[in-house]
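Reading through the structure tokens given below for one structure.
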Amino acid sequence: MIGGLTNIFRIPELKRRVLFTLAMLIVYRVGVQVPVPGIDSAALAAIFATARGTLLGLVDMFSGGALERLSVFALGIMPYISASIILQLLTVVVPHLEQLKKEGEAGRKKITQYTRYGTVVLSLIQGFGIAVGLETMTAPGGAAVVMYPGWGFRLLTVITLTAGTAFIMWLGEQITERGIGNGISLIIFTGIVCRLPVAMGQTFTLMSTGEIGIFLVLFLLVLMVAVVAAIIFVEQAQRRIPVQYAKRIIGRRLYGGQSTHLPLKINSAGVIPPIFASSIIMFPATIASFIKVPWMQTIADAIRPGHAVYELLYVGFIFFFCYFYTAVTFNPTDVADNMKKAGGFIPGIRPGRSTSEYIDRVLSRITLGGAVYVSAVCVLPSILITQFHAPFYFGGTALLIVVGVAIDTVAQIESHMLARHYEGFLKGGAGRIKGRM
């Protein structure tokens, strides 16, 4: 693997792409440290110390801690992700978007343009909501978060946060085009991973003071390695449906007759289900943090992370969104029709409707396995904290994103290396890293 890393810098183009990506990520992390004017940082930090289990904590995780500081990148890339998901869901119900999706590269560019417009609109709305919300918030000690409330602060905050999100979106696109790819994913990856040193420092501090034992730390390390290995295995796992193409005579030549397969991912919905599930469950807790109503506080306390009601609802929503998002993004009827037009068929299955029903049946079964896998990873942090008193948060949506982006990034780098006759990170055909797509 060390030899594979050194080969990166022997390829001028790949070296340039890697260094460009690192430079853009450094720019992003610098921007996270630049605060919006008019904010009492100490008061805001005191509020976020109690924000665990709310939407504020979730958004802060995706922004890499930028929301906790209310930096110029406080909104992070979440508006872009939300706009992308909304456009993806609208392609099912809006004929124009559905037609654009089928037009190839030209249609994809048009949908990307709509996504950018949607990102700006969502950023304006979210920025205004944050500005108004901050004016009503006070720290536990009574200090106001906003030093100079009013329309001047609101407009300045909205413009600053919207410009910050647009700049992050541009950074992600530059990394995708001129870097090693997966720009938006790498930005999220950087925001999550940057908290790892702090968690490690806290763990070693607790171990040195005797609050946690060395055997517990070793057990957690072994468990972490095992969980990461399991995630890598499942994320790369596929259910391959064999497809045979019939022989066709065109002119005087014989075409077709080859055998291939239709790969179906076990976790085809990715990290969208836990994100949606977390957002829905955390919504009451977020409202309760702003509106001090007794019955709402009771509901918020009952569905906080670690409680049985929260875990049951969390798993239930994950199962629902795994099936819902898979049904929206993957259409077995279209796959069967395209296969039939190309002269392909599944051995033993009649082309057309029977093929569509067979693919749908297989997809439903593997989606069940994918939902169980995602639920287990997302419930793991609560088990580690409540049962083993782990001093850090390990698992959940963050771990799925980190491992998935790492797999895709390694696959991108390997493709550049193999195209220039270099070995990948792992020697031998069995060691090839496959992307998730």
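FYI, it's all coordinate maths here, none of it is from the lab. Please read all numbers here as calculations on a predicted model, not as lab measurements. Note: ideal-geometry Cβ built from the backbone for every residue, glycine included; neighbour counts use all protein chains shown.
Set the Cα radius of gyration of the chain against 2.2 N^0.38 Å, with N its number of residues, and you get 1.09. Over all pairs of different C-alpha atoms, the stretch 198-394 has a mean inverse distance whose reciprocal, the Kirkwood radius, equals 20.5 Å. Comparing mean-square fluctuations of S382, S259, S415 from a GNM of the chain with C-alpha springs under 10 Å, the top value falls on S259.
Of interest is the spacing of the C-alpha centroids, which for the stretch 167-241 and the stretch 66-139 amounts to 25 Å.
Size descriptors for the stretch 1-194 (Cα atoms only): Rg and Dmax, in that order, 19.1, 58 Å.
Order 99-111, 6-18, 401-413, 149-161 from most to least packed using the mean count of other Cβ atoms within 10 Å. Please list the in-between numbers first.
Numbers: 99-111: 12.5, 6-18: 14.2, 401-413: 20.1, 149-161: 16.7.
Top of the packing list down: 401-413, 149-161, 6-18, 99-111.
Computed from label points 7 Å out along Cα-Cβ, the spacing between W170 and T298 is 5.2 nm.
Could you work out the percent of alpha carbon pairs in the stretch 291-386 separated by over 15 Å, rounded to a whole number? Kindly include the intermediate steps, with their values, before the conclusion.
Values: 3193 of 4560 pairs.
Result: 70 percent of Cα pairs exceed 15 Å.
Going by alpha carbons, how many degrees (0 to 90, nearest 10) lie between the helix axis of 151-178 and the longest principal axis of the chain? Long axis of 151-178 versus the principal axis of the chain: about 30 degrees. Once the chain from Y114 to R350 is taken as fully extended at 0.36 nm per residue, the excess over their C-alpha distance is 81.0 nm. Relative to the longest principal axis of the Cα atoms of the chain, the long axis of helix 78-93 lies at roughly 40 degrees. Lysine pairs in the stretch 198-394 with Cα distance under 30 Å, only those 8 or more apart or on different chains: how many are there? Value for the stretch 198-394: 5.
Under a Cβ-only charge scheme (Lys and Arg +1, Asp and Glu -1), can you give me the dipole magnitude of the stretch 1-194 about the Cα centre, in debye to the nearest 20? Can you show the working numbers first?
Values: 15 positive and 10 negative charges, 116 e Å.
Once rounded to the nearest 20, the dipole reads 560 debye.
With respect to the chain, whose longest principal axis is taken over its alpha-carbon atoms, helix 105-135 is tilted by about 10°. In this Cβ point-charge picture (+1 for Lys and Arg, -1 for Asp and Glu), the chain has a dipole of about 1920 debye about its Cα centre. With the simple spin-label model, which puts each label point 7 Å out from Cα in the Cβ direction, the T136 to Q244 separation comes to 6.6 nm. In the stretch 198-394, a dipole from Cβ-located charges (positive for Lys and Arg, negative for Asp and Glu) runs towards its positive end, and of V315, S354, A199 it is S354 whose Cα lies farthest in that direction.
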